[in-house]
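Have a look at the structure below before the remarks.
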Amino acid sequence: MDAEAPPRSISTHLRGAFGACRGVWRHAARMALEIALPTLCLACREPVDGDGVCAGCWAKLSFIGPPYCPRLGIPFVYDPGPDLLSMEAIANPPAYARARAAVHYDDVARTLVHALKYQDRTDLAPAMGRWMARAGRELLAEADALVPVPLHWRRGWSRRYNQSGALARAIERQSGVRLTSEALRRVRPTQQQIGLSRTERASNVQGAFKVATQRQSDIAGRRVVLVDDVLTSGATVDACARALLRAKAASVDVLVFARVVDTHRAPI
Ligand SMILES: [Zn+2]
């Protein structure tokens, strides 16, 4: 005998009840999964308590804190006293006002940056952004806008997303400073900076960035924090800072995840 379909009102009622159960089950399943699958270290993928990196990778990450050059954020080996600039800041003053970085660009930092950039590991951005927000606290306290270093659209398409944009979004969540991602554009593709000399790097990115005319109001009068993953010679962020200042930004500071620190040139 065929079972009769329940009256419409009952079936609607049951569907609602099943829906509620499904929600509860989904939540329970997710919790079970989280218990069954321990969180993995962001760098070496070993199981870890909490989120972030394991104790071994944490010890290998070299966080940058004071004393450092108030302008470039280059760490000093000893504290030379307040407001004393590094030789680099005096010899090659950048277009931006201040730069800060969360960590030295060494092995673990490189692993994290490469995973974010080339392996679509967007799960890394929240922790990296959290460390950046801490390193750039004083910059963010005075900022009105976060601007990620843009990719050229051709590279953005092949890689699908901009790693600097992912970091900037994480910093926005941490700091409450608004992300402005469409104003600054890369108007021509540039060669990879890897393997280029300091002068070649500067000419490679010269004139490569521009604030879109229709988005000038997003930048004019704003105190901007420019966000990138790695700072090497600073040529890219310098070219971006010039473009932002031409669009009448009130100030431009730079916040990166990792910076290359030439230890041989550090004061002794
Ligand atoms: Zn690890």
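The values are calculated or read from the model by the stated rules, or taken from the named source; none is laboratory data. What you see is a predicted model; the values in this text were computed from it and never measured. Don't worry about glycine lacking a Cβ; one is built from the backbone with ideal geometry, like all the others, and counts go over all protein chains shown. We work out accessible area using only protein heavy atoms, side chains counted, and drop any ligands, DNA or RNA first. Shrake-Rupley method; radii C 1.70, N 1.55, O 1.52, S 1.80 Å.
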Of Thr232, Pro189, Gln216, farthest towards positive along the dipole that unit charges on Lys, Arg, Asp, Glu beta carbons give the range 165-268: Gln216
Rh (Kirkwood; distinct C-alpha pairs) - the range 145-263, Å: 14.4 Å
About the Cα centre, charge dipole magnitude for the range 128-212 (Lys/Arg +1, Asp/Glu -1 at Cβ), debye: 380 debye
Label-point separation, Asp120 to Cys44 (7 Å along Cα→Cβ), nm: 2.7 nm
Rounded Å value of the spacing that divides the Cα centres of the range 92-114 and the range 205-268: 12 Å
Heavy-atom SASA rank of Asp120, Asp218, Asp79 (probe 1.4 Å, accessible area, largest first): Asp79, Asp120, Asp218
